[in-house]
Every structure is written in C-alpha cells, then in structure tokens.
Amino acid sequence: MSDLKKRASAHVDEIVAQLIGVSSEIYAHPELKFEEVFAARLLADKLRAAGFDVEVGSAGMETAISAVHPAVSDGPTVAILGEYDALPEIGHACGHNLIAAAGLGAALAVGAVKDSLPGKLIFFGTPGEEGGGGKVKMVEAGLFEGVDAAMMFHPSSDTVLDRTSLAITEVEIEFAGKPAHASGSPEKGINALDAVIQTFNGLNALRQHIKDGARIHGIITDGGAKPNIVPEHAAALFYVRALQNEYRDELLEKLRACAQGAALATGATLAFNIVGHSYKAMRPNHALGDAFVSNLATLGEPLDPPPPGSGMGSTDMGDVSQAVPSIHAYIRICDRDIAGHSREFAQASISERGQDVMLTAAKALAMTAIDVLASPDLVVRMHEEFESAN
Ligand SMILES: [Zn+2]
C-alpha cells in the first residue's frame with residue numbers, strides 16, 4: 001500500500017468514533033427524501049470542521065451538500081458521494097446512514113493527505129435517493145461537470161461491484177368515469193375502477209413477452225369511494241424498469257397502450273402522467289471499479305460470486321454514471337437471504353458488522369480516490385472506457 005493510502009487509512013482509524021457517531025445519529029433520526037435537515041447539518045458541520053468549503057442547498061435542494069477541499073491544483077477531480085434519506089415506516093432499511101458516514105470518512109481521509117496530491121476533492125451530499133432523484137437534479141445543475149470520477153458505496157447482502165441497476169420511470173394512470181347508483185342505475189355509469197383493472201389485465205398479458213430484466217409493477221391508489229357508487233375516479237401508480245433506458249421507454253409506450261385499450265373498452269377517460277422519479281440505468285466504469293476492488297481486497301474484503309438474477313433495483317447514481325465515470329459498489333453487511341428495504345436490513349445497518357463495513361468502505365473509497373488523483377494513467381483509462389461506450 002502506498003504511503004498516502006496508509007496515511008488516509010490511518011486517518012479513518014483515528015476518527016472511528018466520529019464516523020460511528022454520524023452513522024448512529026443519522027440512523028436514530030430517520031428523515032424522508034428532501035427532509036434530511038438533521039443529516040445534512042451533521043455532515044456539513046463535520047466537513048467544515050475539517051476545513052472543507054461547504055455549500056448546503058446545492059442544485060436548489062435545501063439538504064444537498066457540495067463540499068470542496070481547499071487544496072485545489074491542476075489535475076483530476078474526484079467526487080465522493082453520500083446519501084442519507086430514509087424510508088417511510090421502516091427508517092434506515094436501505095442503510096443510507098452507513099453510506100453517509102463512509103462517504104464522509106473517505107472525504108476526511110483523502111482531505112488529510114490532499115496537500116500531497118494534485119487535483120480537486122469534492123464531497124457531494126445527495127438527498128432524496130428514495131424516489132426523489134437528488135442526483136438527477138445535481139447532474140442537471142451541472143455539478144458533475146469537470147468531475148473525472150464519482151464514487152460511492154452502498155450496503156448490501158452481497159459484496160459486488162456492479163450489481164444491475166435498472167432504468168426506471170414512475171407513471172401515474174388516472175381514469176375519469178361517470179358516477180351512478182351501482183345497483184339502481186348501473187347502465188348510466190362509467191366505471192373508472194374497471195379501467196384500472198383492465199390496465200392491469202392488459203399488462204399481465206404483456207408480461208410474457210417482455211425482455212428478461214424488465215420489471216413493471218404497480219399499485220391501485222384510488223379505487224372509488226363506496227360499492228354503491230360506480231367509481232368516478234380511479235388511479236394506479238406503476239414503476240417501469242428495464243436494463244436499458246431505451247427499452248424502458250419502449251415499455252412505457254406498451255403500458256400506455258394497455259391503458260388506452262382499457263379506456264376504449266370501458267369508456268373512461270385516461271390521463272397518463274409521468275410523475276416522480278425517472279432514473280437511468282447504471283453504467284459502472286470498470287477501470288475505476290478494478291481500482292476499488294483491488295483496494296477492497298487489500299483491506300481483506302473480497303468480492304462475492306455474482307448473485308444470480310437478484311439485485312435489480314434502481315438508483316439515481318445511474319444518472320451520474322451516464323454523465324461521468326462512476327462506481328456504485330456494494331459491500332455485504334448481512335446474510336444473503338436478507339432483503340433490502342426490510343426491517344432485518346435496518347437492523348444490519350446499525351449492527352457492529354454494518355459499522356465495520358462502513359469503515360472499510362471509507363478506507364476503500366479514500367484509497368480509490370487517491371488512485372485517481374495520483375495516477376494520470378488511470379484517469380486516461382477511465383475516460384477512454386467512458387467515451388468508447390458513449
Ligand atoms: Zn439505497
């Protein structure tokens with residue numbers, strides 16, 4: 001291990017209590033997307049205390065952070081990312097408290113040796129990953145322009161570099177019908193709920209003929225008021241996901257056709273609205289990923305065999321990865337049979353093992369950032385790979 005990496009790693013060991021404190025405090029104060037006031041303040045304070053120039057409120061989001069280490073010179077720019085939002089009802093069941101602490105730890109560790117390195121070090125606090133797309137807004141605001149490498153860690157039940165992350169779009173389907181007494185004069189009504197049900201039926205017929213890896217799943221959010229009133233309004237929310245952005249867009253049109261068919265069959269009027277989040281598929285940079293995996297191995301954390309067909313979530317890191325060379329690495333904090341977004345995963349995110357992994361992730365991210373800042377050759381390879389896939 002190079003001397004700088006040793007010093008950065010030793011810095012993480014020096015601030016263990018601080019990092020475990022940050023992870024535990026964020027865990028104990030779960031905040032939903034874009035409401036992460038406590039977490040953003042906590043991280044911003046620690047970064048300021050370490051000498052970073054900190055802006056809170058980046059890209060028009062109150063809880064987004066851009067923090068730049070003051071030692072800036074010619075050379076590459078590295079961004080280390082941290083998420084900190086929680087889920088409704090089940091709190092930190094995605095372990096973003098560990099992501100925040102690991103990202104902070106990595107930034108402080110590289111910051112401790114930054115005087116000996118060229119280039120620029122940035123920590124981005126990225127709010128609203130759970131359906132808010134904070135990173136999408138940060139990419140759109142131009143914050144990643146000039147960034148040569150973006151990296152983050154995510155806790156998981158497998159240690160893998162590039163678990164598939166699907167392109168996703170959220171769609172709301174609404175039908176307007178006509179109310180009538182459902183028993184007294186049903187012939188005068190138009191049933192909006194039937195249109196929703198027919199949409200699901202059309203979609204279920206479509207499923208056999210969609211490509212592997214694609215996912216379309218939905219819930220009914222409004223199904224009418226009372227059984228004795230023909231539903232005048234009904235609505236459903238769908239997530240449409242696929243391995244490629246283009247196929248996701250194709251599936252959106254197929255879902256639209258299912259809904260149009262349902263409208264025609266029932267006489268209800270359709271509103272097809274793309275709402276909420278739309279994330280691009282993840283495109284991991286292997287040159288950067290290899291550096292991370294090698295640093296992780298040095299720290300005694302080998303990769304797991306790739307899990308068969310699992311781990312098909314989506315993340316707004318996908319949008320970052322389509323803008324600049326990126327990695328979104330997963331490190332195991334629990335047994336393989338524990339699902340993300342479960343109460344068991346939340347427990348793992350506050351466990352001793354979870355905290356240990358967070359410290360390992362902080363070191364591996366710091367060492368990888370040092371690789372980027374110190375090796376012009378790596379930067380060239382990352383960019384060649386990125387450009388060739390474009
Ligand atoms: Zn997550």
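The values are calculated or read from the model by the stated rules, or taken from the named source; none is laboratory data. The structure displayed is predicted, hence computed values, not measured ones. Glycine also receives a Cβ, built like all others from the backbone with ideal geometry; neighbour counts cover every protein chain displayed. Note: areas computed on protein heavy atoms with side chains; ligands, DNA, RNA excluded. Shrake-Rupley method; radii C 1.70, N 1.55, O 1.52, S 1.80 Å.
Once the Cβ-Cβ distance between GLU384 and ILE210 is put in as r, and R0 is 25 Å, what FRET efficiency do you end up with, to the nearest 0.05?
Working: r = 34 Å, r/R0 = 1.37.
The pair GLU384/ILE210 has a calculated efficiency of 0.15.
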Carbon plus sulfur, as percent of the 1.4 Å-probe accessible area of region 164-303, comes to 52
The rounded separation in angstrom of the Cα centers of region 260-304 and region 311-387 is 15
With -39,500 (n - 2.57) per DSSP H segment of 4 or more residues and division by the full residue count of the chain, the 222 nm estimate, nearest 500 deg cm²/dmol, is -13500 deg cm²/dmol
Once LEU32 and HIS341 are pulled to full extension, the length gained, defined as 0.36 nm per residue separation minus their Cα-Cα distance, is 109.9 nm
Taking the alpha-carbon centre of each part, the distance from region 205-247 to region 82-127 in Å is 35
Under the Karplus relation with 6.51, -1.76 and 1.60 and θ = phi - 60°, whole-Hz ³J(HN,Hα) for region 156-171, x at Gly and Pro, equal 7, 9, 9, 9, 9, 7, 9, 4, 4, 10, 7, 5, 9, 9, 9, 10
Other residues with Cβ under 14 Å from the Cβ of PRO70 give, with Lys and Arg +1 and Asp and Glu -1, a net charge of 0
For HIS92, other-chain or 5+-apart residues with amide H closer than 5 Å (H placed, Pro excluded) are LEU87
Site ASN228, offset 7 angstrom along Cα→Cβ, radius 14 Å on amide nitrogen, limited to region 167-211, gives 180-186
Quotient of Cα radius of gyration and Kirkwood radius for the chain, i.e. Rg/Rh, equals 1.05
Regression test value, accessible area per residue of the chain, probe 1.4 Å, units Å², expected 41
Checking ALA262, ALA348, ALA167 against a Gaussian network model of the chain (alpha-carbon springs below 10 Å), the top fluctuating residue turns out to be ALA262
Applying the gyration tensor rule to the Cα atoms of region 49-208 (axes a ≥ b ≥ c; rounded if a/c under 1.5, else prolate if a/b exceeds b/c, else oblate), the class is prolate
Contact order relative to length for the chain, counting C-alpha pairs under 8 Å separated by 6 or more residues, stands in percent at 23
Mean-square fluctuation maximum in Gaussian network of the chain, Cα pairs under 10 Å, restricted to ALA236, ALA28, ALA182, hits ALA182
Cross-link reach from LYS211 to lysines, straight Cα distance under 25 Å and at least 8 residues apart if same chain, gives LYS254, LYS280
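Please check the chain for the longest run free of GluC sites (Glu not before Pro) that are loop-located per DSSP (anything but H, G, I, E, B) and have at most 12 other Cβ atoms within 10 Å.
The reported range is 146-390.
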